[in-house]
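Read through the structure below, which is laid out as structure tokens, and then see the notes.
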Amino acid sequence: EYIDSYVFNKVEDIRFNSTVGKYVGYTEHGVKNAEAWNKGSELVQELGALERYCKHNAANHYSAIL
């Protein structure tokens, strides 16, 4: 699971969660940004990072844990 969180003043405003597959806002400001980011290139960048880094290296991390 890939999670990318954005925090301001110790409060999580917005988070990308690979399980959900989109940005989720937790504050009023975060909800507005999540709606905009889910329609823009930011979502494409996060999905690219998921494919490029996470799925590619998952087997390596899993074998290291075992």
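The values are calculated or read from the model by the stated rules, or taken from the named source; none is laboratory data. Predicted model, so just to flag it, every value in this text is computed and none were measured. Counting neighbours? That spans all protein chains shown, and the Cβs are built from the backbone with ideal geometry, glycine included. Surface areas here come from the heavy atoms of the whole protein model, side chains and all, with no ligands, DNA or RNA. Shrake-Rupley method; radii C 1.70, N 1.55, O 1.52, S 1.80 Å.
Kindly evaluate Lys39 against the criterion of being without any contact (Cβ under 8 Å) to a residue 12 or more places away in the chain and open to solvent by 80 Å² or more (accessible area, probe 1.4 Å).
yes
Out of all the residues in the range 1-23, which are surrounded by 15 or more Cβ atoms within 10 Å (Cβ to Cβ) and hydrophobic (A, V, I, L, M, F, W, C)?
Ile14, Phe16
If I ask for residues that are open to solvent by 60 Å² or more (accessible area, probe 1.4 Å) and either in contact with a strand residue (DSSP E or B) (Cβ under 7 Å, 6 or more places away or on another chain) or farther than 23 Å from Asp13 by Cα (or both), which ones from the range 42-60 would you list?
Glu51, Arg52, Tyr53, Lys55, His56, Ala59, Asn60
Just to be sure, is Gly25 touching a strand residue (DSSP E or B) at 6+ places or on another chain (Cβ under 9 Å), of a type in the set (Gly, Ala, Ser) and without any contact (Cβ under 8 Å) to a residue 24 or more places away in the chain?
Considered against the rule, which asks whether it is touching a strand residue (DSSP E or B) at 6+ places or on another chain (Cβ under 9 Å), of a type in the set (Gly, Ala, Ser) and without any contact (Cβ under 8 Å) to a residue 24 or more places away in the chain, Gly25 comes out as yes.
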